[in-house]
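Everything below concerns the one structure shown next.
Quick note: the coordinates plus some simple rules give every number you see, no bench work behind them. Here the structure is a predicted model, which is why all the values come from computation and not from measurement. No Cβ is skipped: glycine too gets one built from the backbone with ideal geometry, and neighbour counts run over all protein chains shown.
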Amino acid sequence: MTSMASRRAAELRSAELKKDLGRHNELYYLGKPEISDREFDRLMHELQALELEYPELATIDSPTRRVGGAPSEGFEQVAHDPPMLSLDNTYNLEEVEDWVDRLERLAADEELSYVTELKLDGVSISLLYKGGVLQQAITRGNGTVGDDVTENVRTIRGLPLRLKGAPPERLMLRGEIYMPRTVFDELNRQREAAGMALYVNPRNTTAGTVRLLDSREVARRGLEVAVYQSATAFGPATHADTLGALQDHGLPVKSVWQRCADVAAVEAYIEHWREHRHELPFDTDGVVIKVDRLDLHTRLGRTSKAPRWAVAYKFEAEQAQTVVRAISVQVGRTGVLTPVAELEPIFVGGTTVQRATLHNYEDLARKDIREGDTVLVEKGGDIIPKVVSVLLDHRAADSQPFEIPSTCPVCGDPVVRYEGEVAWRCVNPACPAIVRESVGHFVSRNAMDIEGLGDKLIEQLLAKDLIKDYTSLYQLKEEDLAGLEGWGKKSAVNLIAEIGKSKHRTLAHVLHAIGIRFVGERVARLLAEHFGSLESLMKADNATLEDIPEIGPKVAASLRQFFDDKRHQQRLEALRDAGVNLTQPRAEAASVEHPLHGKKVVLTGTLTGMTRSEAKKRLEALGARVSGSVSSNTDLVVAGEKAGSKLKKAEDLGVEVTDEAGLVALLG
Ligand code: IVH
């Protein structure tokens, strides 16, 4: 190949990798990963290698530049100083030995020894103690800026709010918040009993919990934390002594760390925990190996992403062989058909599994999984395992490829595939599976928030013809419920009252609850605030809808399609007749007109007249979006006292800048 041609090939491949990695990153954060972490890392390494060869491919938006995910909205954003790095991964002992060899070359004149620790599978947290008192807890966010979740973290019982002994004046620590497996299992047991969807794994549940806006709920969830690193030098000369000192100050340090004089001891530690990890009460996905002497940390330094003095060894997800008894199909709220493998029960990764998700038909076809096949299943941290591959030499001679059903397995209507989508869907709004799931969505927490209406009850109500869709919930009477098995008068009265209360939610809640394609919570709120009432929203044509910031042709078309459908019109009419509020409070509706509406604002430096979170709340109330980092998309930077790099960046990019007085004037 000529160098021109290989350059072109690299360009194409890197574009593809960037797109794929971006998508997989998003799926991961949604708790719906489609590929293993290992596969993700492999793609990332491939991209890194290409960018090393052709540096111009390392664009500013390349996933290789990211340390993690973006910070979420709703919490004050705080910069990490120093940044929260991630770790380079190794997957076998050879790679660990290579890492050790490299360090021995870099610090050739030194005697190296190590500390090994378990790699806890939770979410990382930065903890700041001042004068021995817990001041601030920040999530990792993108490594540079994270969310201030102090209120939530304070609820974690095992974390001292005040340190013992004579701690240093300022102590910045790094650790992991996690959910012990028994706590996770109990939470899921409760959810199952209430007929709610089960959580996927302890790590995602932890991430969701740490970000809950109600810290009382966090307190009920039984999170734990372990501290594994000090970002402040406070006396000890080694990492081992640091861990000892932190423990003496009353901090939760996992006791299973070990000093290792050489690479053989490191390997023995890895082997031991690979074998015994399922006996631990929490999830661990590997071992972290750190150079013990802290002066060498400084000397070895870091790359843009990770320190050179530490490395992670990732355990393999456990695999086992079993048989696919059948391939069944689930129909979700949006009508998407998901194939599921029903397995011969098998013990793997610490639990017995009997189902595995197959994601979608494309994936199923690619792996060519058939009923009766012997397959390799993999159990990572999730409760639902994955089918990795088919063992073809076990395949029966008469086996038939699995065929995509042309009709919905629940209602029998033909299934369709929208252009540009992988998923097959049932589009019959009366399909019993869709109705059941959409009632579940309608009553859920962030929608109409009707407490006490779990999946089991919904199923009973539908089976007994007491409801036909979400609109008939408002027709339910106490007598209807009192007749159900296990229902007394009191619980019936309570539920009817809860349903009644939901009539007073806002239009934004209703728009989210009725499940319009592409209309999630945020878009629902934008629409409700813009139009003020369902009536005027329903009258808007595509052009009017697309004029609204953040609403594109896709959303506009989906809205029109929904509102033009007779069946949806009837349901909305039924909600209106039942007395459900279909308007948005005036104050919020009026904010659309404000000049800050839809503007992207960054707050930096210290404000004197109000706190940053107060400023953020007021800006958001006027429809502005407050973000943590300055880019060319930023509309306005508010620079308080001692504003630093963000102010400079704004000036470099020519972004409009104002000071606190300017902000106060804008806020009116
Ligand atoms: S040390 C600068 N130690 O693993 C080094 N990290 O893949 C900071 N993690 O973001 C990390 N257990 O969330 C360290 N004993 C441990 C750990 C640990 C879990 C997490 C941490 C980090 C991620 C990197």
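Counted residue by residue at 0.36 nm each, then reduced by the alpha carbon distance between them, the extension gain from Arg259 to Arg274 reaches 3.6 nm. Can you run the Rg to Rh ratio on region 181-317? Use alpha carbon positions and the Kirkwood inverse-distance Rh. Over the Cα atoms of region 181-317, Rg/Rh equals 1.03. When peptides 546-553, 502-509, 216-223 are sorted by average Cβ neighbour count within 10 Å, with the highest value leading, the order is 502-509, 216-223, 546-553. Rounded to the nearest 0.05, the FRET efficiency derived from the C-beta distance between Ser215 and Ala49 at R0 = 30 Å is 0.10. Geometric descriptor of region 471-625, per residue, is 156 Å³ (volume of the convex hull of the Cα atoms). For Lys456 and Ser645, the FRET efficiency from 1/(1 + (r/R0)^6), where r spans their Cβ atoms and R0 equals 35 Å, is about 0.05. When the Cα positions of Val377, Leu667, Ala312 are compared along the charge dipole of the chain, Leu667 comes out farthest toward the positive end, with charges on each C-beta of Lys, Arg, Asp and Glu. Entry note, region 468-532: relative contact order of 23 percent, from Cα contacts under 8 Å with a spacing of 6+ residues. For region 323-375, a crude dipole built from +1 on the beta carbon of Lys and Arg and -1 on the beta carbon of Asp and Glu, taken about the Cα centre, is about 140 debye to the nearest 20. Most tightly packed first, judged by the mean number of other beta-carbon atoms within 10 Å of their residues, the peptides 155-165, 115-125, 133-143 read 115-125, 133-143, 155-165. Bin all alpha-carbon pair distances of region 306-432 at 5 Å intervals from 0 and give each bin's fraction as a whole percent. Each 5 Å bin holds this share of Cα pairs: 2, 10, 18, 18, 16, 13, 10, 6, 3, 2, 1, 0. Here the chain is treated as a Stokes sphere of Kirkwood radius computed over C-alpha pairs; at 25 °C and 0.890 mPa s its diffusion coefficient rounds to 87 µm²/s. Simple spin-label estimate for Glu419 and Asp109 gives 6.9 nm between the two label positions (7 Å along the Cα-to-Cβ direction from each Cα). Across region 355-469, the relative contact order, built from alpha-carbon pairs under 8 Å that are at least six residues apart, equals 17 percent. If you wrap region 417-509 in the convex hull of its Cα atoms and look at it from every side, the mean projected area works out to 7.0 nm².
What is the gain in length, in nm to one decimal, between Met610 and Thr583 on full extension, counting 0.36 nm per residue of separation less the C-alpha to C-alpha distance?
Full extension from Met610 to Thr583 adds 6.5 nm.
Tell me, what is the FRET efficiency for Ser491 and Val323 to the nearest 0.05, using R0 = 35 angstrom and their Cβ-Cβ distance as r? E between Ser491 and Val323, to the nearest 0.05, is 0.20.
What separates the Cα centres of region 257-292 and region 99-170 is a distance of 19 Å.
Starting from the eigenvalues of the Cα gyration tensor, five times each then square-rooted, give me the equivalent ellipsoid semi-axes of region 156-258, largest first, whole Å.
32, 14, 11
Counted over the chain, the DSSP beta bridges are approximately 85% antiparallel.
Once you put a point 7 Å from the Cα of Arg191 and another 7 Å from the Cα of Cys411, both along the Cβ direction, what distance in nm separates them? With each label placed 7 Å out from Cα toward Cβ, I get 2.7 nm. Listed peptides 356-362, 392-398 appear in the order 356-362, 392-398 once ranked by packing, highest mean of other Cβ atoms within 10 Å at the front.
Extension gain Arg333-Leu484, at 0.36 nm per residue separation less the Cα-Cα distance, in nm? Write down the numbers at each step before the final one.
Working: separation 151, 0.36 × 151 = 54.36 nm, distance 2.52 nm.
Once the chain is fully extended between Arg333 and Leu484, it gains 51.8 nm.
Taking every DSSP helix (H) stretch of at least 4 residues in the chain, weighting each as -39,500 (n - 2.57) and dividing the sum by the residue count yields a mean residue ellipticity at 222 nm of -11000 deg cm²/dmol. Taking 4.7 Å between beta carbons as the limit, the unpaired Cys residues of the chain are Cys260.
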